[in-house]
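The values are calculated or read from the model by the stated rules, or taken from the named source; none is laboratory data. Just so it is clear, the model here is predicted, and its values are computed rather than measured. Glycine also receives a Cβ, built like all others from the backbone with ideal geometry; neighbour counts cover every protein chain displayed.
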Protein chains: 2
Amino acid sequence: MAGNKPTTIKEIARKLKISPSTVSRALNDHPSIGLVTTMRVKKMAEEMAYEPNQTAIFFKQRKTFTIGVILPKLSEPFFSEAISAIETVAEDKKYTVLLGQSLDNENREAQIIQTFKKHRVDGILISMGKNTGDTDFEDILSKTEIPVVFFDCVPDLDNVHKVYSDLSSGMVEAIDAFVDRGHRKIALINGPEALLASKERSEAFLNALAKQGISAEESYIVHTDLTEQGNEEAMEKLCSLADRPSAVVSFNDFVTLDLIRYAKQRGIILNQDMFFISYANYPLWKYMDNPPMGSIEQYPDVQAQKAAEILFDCIDKKEHVATPQHVVFPSKLVLK
Amino acid sequence: MAGNKPTTIKEIARKLKISPSTVSRALNDHPSIGLVTTMRVKKMAEEMAYEPNQTAIFFKQRKTFTIGVILPKLSEPFFSEAISAIETVAEDKKYTVLLGQSLDNENREAQIIQTFKKHRVDGILISMGKNTGDTDFEDILSKTEIPVVFFDCVPDLDNVHKVYSDLSSGMVEAIDAFVDRGHRKIALINGPEALLASKERSEAFLNALAKQGISAEESYIVHTDLTEQGNEEAMEKLCSLADRPSAVVSFNDFVTLDLIRYAKQRGIILNQDMFFISYANYPLWKYMDNPPMGSIEQYPDVQAQKAAEILFDCIDKKEHVATPQHVVFPSKLVLK
DNA sequence: TTGTATGCGTTATCAA
DNA sequence: TTGATAACGCATACAA
């Protein structure tokens with residue numbers, strides 16, 4: 001339970017009756033130090049359970065070997081997949097991840113960034129909260145030298161690194177799949193209007209419909225605040241239309257879960273009266289007896305990994321990251 | 001994209017033509033510094049976008065305001081719930097979370113602990129990997145002064161702080177529920193034998209059966225390595241028995257998902273030919289048309305939060321943590 | 001091959 | 001009320 005203060009280089013030096021600098025060099029395999037001394041030092045360090053003090057090393061190297069990761073909510077599958085991938089990349093790079101969840105709260109987000117700055121992280125990965133404006137980061141970014149890479153929920157700015165999913169490719173596949181099966185009355189249950197992700201879905205939806213020569217019905221586009229109640233209300237709106245849609249693209253699988261439940265309550269039979277495709281492709285559908293028609297995979301792990309790699313390229317001052325990197329992964333429809 | 005090096009106290013001092021110590025004191029609202037000076041300093045600090053250097057502060061305070069959290073895998077719902085709760089507690093305490101995932105690999109686990117030591121975290125929370133022995137941590141713990149709290153997957157040691165779920169209460173409820181519905185042929189699909197969690201399940205299973213006056217059938221206890229294949233093999237064993245069980249308690253919900261799928265393949269009808277209860281109570285069942293009979297909730301968020309609170313009590317040197325804390329949360333059957 | 005001296009940013013102690 | 005100085009642990013330029 002108890003224990004002693006961490007061993008320092010000085011203590012090792014005193015014990016060995018040599019100078020601290022020799023110990024330091026020996027521990028770092030400096031070529032100028034004799035093999036014998038090096039061995040003696042390493043042995044003693046081992047015995048005394050020496051662990052280098054990273055916070056002290058920072059002074060010299062100007063590096064903490066940490067990156068900060070800011071995510072809206074860790075318990076969401078998308079983000080837990082993402083952080084899992086990021087941590088793996090970081091660990092392989094001998095970096096440690098500092099974690100912060102914004103809970104979609106701008107103040108909390110700003111607070112976390114400040115904390116990360118205090119800790120002098122070598123870089124920051126951010127998936128923006130749903131309420132954060134594009135410009136909220138501009139002064140934060142301009143005043144700092146810390147490399148930042150956005151992913152998934154990214155700002156609509158050109159002068160930043162960002163990695164995100166192209167929602168439109170999956171949307172085209174979804175609409176095509178619906179039309180192939182004879183659907184013409186296709187609706188969109190979108191997220192909050194303020195969200196960039198929602199705007200993109202709207203645009204993609206309209207474009208995909210246009211590509212099929214279907215004119216968009218305004219009442220077929222509804223919004224949800226992503227709460228259970230909001231999801232049900234959105235579904236309610238569609239169901240109470242005189243000309244009810246037969247196919248729905250929804251914001252994500254979680255929304256769809258609620259939609260399906262609500263549909264069942266109203267006596268609407270899934271994959272018969274109404275068909276669903278949503279974004280996310282969470283691994284839960286394969287266990288359901290009657291899953292929705294499909295889901296659009298956005299590859300959180302691939303996105304996150306790529307974002308982490310770009311961040312490390314920034315940290316390592318790789319040539320190509322002098323210009324802002326914009327990496328887009330096409331989303332992909334997976335039929336169930 | 002670019003930017004300057006972080007502002008230091010010295011720079012503020014130079015600009016204001018006062019001494020660094022005055023700046024330091026002003027920024028920390030030291031009572032001896034005049035109001036005017038304090039205001040001037042704070043204004044300048046603001047202008048120059050000063051952020052205190054935590055790594056430097058560490059020298060004086062012997063604190064990094066960080067805790068390390070080691071989990072097997074972040075993408076597992078149990079652990080993503082846990083880390084979410086931990087991060088929330090930490091953030092409220094003005095602490096930052098350093099993250100490491102062991103991927104159930106002992107070496108990786110040891111590596112992460114070493115890294116955390118280098119970073120001089122103020123405390124460590126661990127949920128042990130499935131392959132880690134109880135004694136593997138003993139020397140690590142004895143050589144350090146860093147407070148450590150185990151949770152969920154904890155070692156069978158008395159002299160450590162630990163928070164875990166009592167599997168037996170939920171098991172008793174499960175067996176009782178089965179027996180109430182007329183089941184006598186009850187099986188257990190357990191995890192790897194080496195796992196403490198498995199031993200506990202075995203014991204709880206046998207005790208709960210005994211409480212109902214049912215003698216345990218040896219062939220009704222099988223093991224899986226928790227892979228999809230292992231799960232199917234375990235189910236296969238039970239299904240090929242002459243006297244097939246009608247009720248199964250399984251290691252966790254993920255295992256049960258595979259069991260149900262396999263059962264369907266073999267033409268076994270869920271909740272008719274065979275009934276399932278497992279541990280975890282993941283939020284996916286409520287969306288299934290035909291969910292298993294029940295699931296045993298283990299409250300990952302509550303466990304994790306309690307573990308975090310104990311850790312902070314240790315860090316704050318609260319009286320009661322002088323003796324090892326063992327907190328047990330009863331698990332609870334939730335019928336579907 | 002090894003030792004000495006210095007500085008990283010901050011704060012506590014002592015002095016003014 | 002403020003300033004000068006030392007110290008935290010380590011790495012390195014310079015000296016020996």
Enumeration of residues in the stretch A:25-56 that are within 8 Å of DNA strand C (Cβ to nearest atom) and either over 28 Å from B:T66 (Cβ atoms) or away from chain B (no Cβ under 14 Å) (or both): A:R25, A:A26, A:H30, A:P31, A:S32, A:I33, A:G34, A:L35, A:V36, A:T37, A:T38
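Given the criteria in a strand (DSSP E or B) and within 12 Å of another protein chain (Cβ to nearest Cβ), does B:L99 qualify?
Working: in a strand (DSSP E or B): yes; within 12 Å of another protein chain (Cβ to nearest Cβ): yes.
Yes; evaluated as a whole, the condition is true for this residue.
If you take the residues in the stretch A:7-47 that are in a loop (DSSP other than H, G, I, E, B) and near DNA strand D (Cβ under 7 Å from one of its atoms), which one is surrounded by the most Cβ atoms within 10 Å (Cβ to Cβ)?
A:T8
Yes or no, residue by residue, for (1) aromatic (F, W, Y); (2) closer than 18 Å to A:V179 by Cα:
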site	(1), (2)
A:E233	no, no
A:R266	no, no
A:L270	no, yes
A:W285	yes, no
A:D313	no, no
One residue from B:F58, B:F78 being more than 16 Å from DNA strand D (Cβ to nearest atom), of a type in the set (F, W, Y), part of a helix (DSSP H, G or I) and in contact (Cβ under 8 Å) with a residue 40 or more places away in the chain: B:F78
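Select the strands (runs of 3 or more DSSP E) contained entirely in the stretch B:128-212, then report the ones holding at least 1 residues which are free of Cβ contacts under 8 Å to residues at least 24 places away in the same chain.
Details: elements: B:148-151, B:161-166, B:186-190.
Here the list is empty.
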First in the stretch B:7-19 and touching a residue at least 24 places away in the same chain (Cβ under 8 Å) and over 19 Å from A:R120 (Cα atoms), second anywhere and assigned to a helix (DSSP H, G or I) and more than 11 Å from DNA strand D (Cβ to nearest atom), Cβ under 7 Å, 6 or more apart: B:K15/B:M44; B:L16/B:M44
Residue tally, condition in contact (Cβ under 8 Å) with a residue 60 or more places away in the chain and either more than 15 Å from B:R201 (Cβ to Cβ) or surrounded by 24 or more Cβ atoms within 10 Å (Cβ to Cβ) (or both), over the stretch B:248-282: 10
Flag if A:E106 is more than 10 Å from chain B (Cβ to nearest Cβ), among the acidic types (D, E), closer than 24 Å to A:D134 by Cβ and more than 10 Å from the chain's Cα centre (by Cα): yes
Evaluation of B:A85 against (1) touching a residue at least 40 places away in the same chain (Cβ under 8 Å); (2) surrounded by fewer than 16 Cβ atoms within 10 Å (Cβ to Cβ); (3) assigned to a helix (DSSP H, G or I) (one fails), failing number: (2)
Yes/no for A:K15 being more than 8 Å from every other protein chain (Cβ to nearest Cβ), more than 38 Å from the chain's Cα centre (by Cα) and more than 11 Å from DNA strand C (Cβ to nearest atom): yes
Test for B:E81: is it within 12 Å of DNA strand C (Cβ to nearest atom), at negative phi and of a type in the set (D, E, K, R): no
Residue list for the stretch B:216-237, restricted to those being modelled with pLDDT of 95 or more and among the small types (G, A, S): B:S219, B:G230, B:A234
Selected residue (only one of A:F78, A:F58 is touching a strand residue (DSSP E or B) at 6+ places or on another chain (Cβ under 9 Å) and either among the basic types (K, R) or buried (at least 19 other Cβ atoms within 10 Å of the Cβ) (or both)): A:F78
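May I ask you to list the residues in the stretch A:216-257 that are in a helix (DSSP H, G or I) and closer than 12 Å to A:S278 by Cα? Let's see the steps before the verdict.
So in the stretch A:216-257, the residues in a helix (DSSP H, G or I) come out as A:218-220, A:228-239, A:253-257.
Residues satisfying the conditions are A:D253, A:F254, A:V255, A:T256, A:L257.
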